[in-house]
1. Quick one: in the range 44-69, of everything that is surrounded by fewer than 13 Cβ atoms within 10 Å (Cβ to Cβ) and either within 14 Å of Gln2 (Cα to Cα) or hydrophobic (A, V, I, L, M, F, W, C) (or both), which residue is modelled with the lowest pLDDT?
2. Of everything in the range 31-43 that's polar (S, T, N, Q) and outside any strand (DSSP E or B), which residue is surrounded by the fewest Cβ atoms within 10 Å (Cβ to Cβ)?
3. Which residues, taken from the range 1-41, are β-branched (Val, Ile, Thr) and more than 11 Å from Ala55 (Cα to Cα)?
4. What pairs come out if I take residues in the range 58-69 that are over 14 Å from Lys24 (Cα atoms) and pair them with residues that are of a type in the set (Gly, Ala, Ser) whose C-beta lies under 8 Å away, six or more apart or interchain?
5. Hey, could you check the range 1-15 for residues that are assigned to a loop (DSSP other than H, G, I, E, B) and touching a helix residue (DSSP H, G or I) at 6+ places or on another chain (Cβ under 7 Å) and say which is farthest from Gly63 (Cα to Cα)?
6. Determine if the range 27-37 includes at least one residue that is over 12 Å from the mean Cα position of the chain (by Cα) and not polar (S, T, N, Q).
7. Counting only residues that are farther than 18 Å from Glu65 by Cβ and in contact (Cβ under 8 Å) with a residue 12 or more places away in the chain, which one in the range 1-21 is surrounded by the most Cβ atoms within 10 Å (Cβ to Cβ)?
Amino acid sequence: MQLGGEPIRVKLTEDLTKYDRRCKVGELGWTIPMTKLSVWGSLDRFVAVRFDNGAELDVLWKGLEELES
């Protein structure tokens with residue numbers, strides 16, 4: 001979980017379509033500070049992400065690329 005700060009612009013680098021069909025490699029979104037969307041969100045390796053396509057998931061940090069906003 002991102003414990004604070006501002007949302008970070010990210011790009012998905014792993015295929016997560018088995019969790020949500022909209023979560024394909026290359027999808028863009030923003031992290032959601034101080035939020036967990038599932039039981040996985042309480043682990044420090046995960047961050048909540050709201051994708052531009054409407055999907056929201058807890059995603060492993062290693063599956064994201066930080067972009068300049």
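The values are calculated or read from the model by the stated rules, or taken from the named source; none is laboratory data. Every value quoted in this text rests on a predicted model; they were computed, and no experiment measured them. Don't worry about glycine lacking a Cβ; one is built from the backbone with ideal geometry, like all the others, and counts go over all protein chains shown.
1. Asp44
2. Ser42
3. Correct list: Ile8, Val10, Thr13, Val25, Thr31, Ile32, Thr35, Val39.
4. Asp58/Ser38; Asp58/Gly41; Asp58/Ala48
5. Step by step, filter the range 1-15, then rank; the result is Met1.
6. Yes, the range 27-37 has at least one match.
7. Met1
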